[in-house]
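Report on the following structure.
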Amino acid sequence: MRVVVTGGAGFLGSHLCEAMLAEGAEVLCLDNFLTGSPANVAHLRTDRSFRLVHCDITEFVHVPGSVDLVLHFASPASPSDYLRFPIDTLKVGAIGTWHALGLAKEKGARLVLASTSEVYGDPQVHPQPESYWGHVNPVGPRGVYDEGKRYGEAMVTAYRNSEGVDAAIVRIFNTYGPRMRPHDGRAIPTFIRQALLGEPLTVAGNGTQTRSVCHVDDLVAGIVAFAGSNHPGPMNLGNPDEMSVRSIAEDVITATGSSSQLTFVDLPVDDPQVRRPDTTLAREVLGWQPRMSWHEGLDRTVAWFRQVELEAG
């Protein structure tokens, strides 16, 4: 099997490259390094089945030879990133998805679009099933990411229905683990960085808003299973265990042994108040559900951040 992973040098993409190599696949990793880094896949460079190409999927990309699977994971995913790169985020959601679909059509490959729980916006239905259409502000600051992914879903559906491409959609809920950037801007890496430095943990609002967080190992196992199925999606992948943002921050303080305190800051515009996937479909179709506990996953992630800090120091 030959697999193309767009955004393959990013947080999720690098773990996917590893997983596909472990499945015996040949992996072509495409990334423009806007938010990803060659360091994330440096340990894979000695594998003859792995190749890293610096390119932008929003430009024309030619891939010689056969391709069996396209995993389209290229996109800024952190609010701080897509607020900094709004046009790039919209372009990769639209033009990048179009190019990835064109590649899949040319090669007769299956394509999996990495969509997101953000297509549900600040949901009025809880938990969120795949049948829910969402509550999204298209002209708000988060719209560049939310609507980019919603457009990508529409394009995948159009290519599937009108062009016969085996194109599928997976909706990814909050994920954490090694290789997240300390200044990523998302809650867990921010809290861990602040706790390790002894700084106050900046909790948005009063911290009662909820998130459902899934360790990257569990999520990648779900994506690999979904890619190997013939299901078109959309399919939610994430952890159905819901926690408040404040409790996440408190657990990070405990896990790091930090003396940091909590400090409260203004809520970002259009910040979702609740987030929890209905994962019934993934459980029934793939037999998949998260296996790693929150505390084990957090301990592993803290250990990785400590190691990065040591190497940087």
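Couple of notes before you dig in:
- When the residues of the range 261-313 are filtered to those that are in contact with a Pro (Cβ under 6 Å, 6 or more places away or on another chain) and in a loop (DSSP other than H, G, I, E, B), the one that is modelled with the lowest pLDDT is VAL269.
- Residue, surrounded by the most Cβ atoms within 10 Å (Cβ to Cβ), within the range 110-126, restricted to residues that are free of Cβ contacts under 8 Å to residues at least 60 places away in the same chain and assigned to a loop (DSSP other than H, G, I, E, B): VAL125
- The range 132-155: number of residues that are at pLDDT below 95, surrounded by fewer than 17 Cβ atoms within 10 Å (Cβ to Cβ) and in contact with an Asp or Glu (Cβ under 6 Å, 6 or more places away or on another chain): 1
- Strands (runs of 3 or more DSSP E) contained entirely in the range 159-249, each with at least 2 residues that are small (Gly, Ala, Ser) and closer than 27 Å to THR263 by Cβ: none
- Candidates PHE85, PHE60, PHE11, filtered to the one that is over 26 Å from GLY222 (Cβ atoms), at pLDDT 95 or above and either touching a helix residue (DSSP H, G or I) at 6+ places or on another chain (Cβ under 9 Å) or in the same structural domain as ALA167 (by TED's automatic domain parsing) (or both): PHE85
The values are calculated or read from the model by the stated rules, or taken from the named source; none is laboratory data. Computed from a predicted structure; not experimentally measured. No Cβ is skipped: glycine too gets one built from the backbone with ideal geometry, and neighbour counts run over all protein chains shown.
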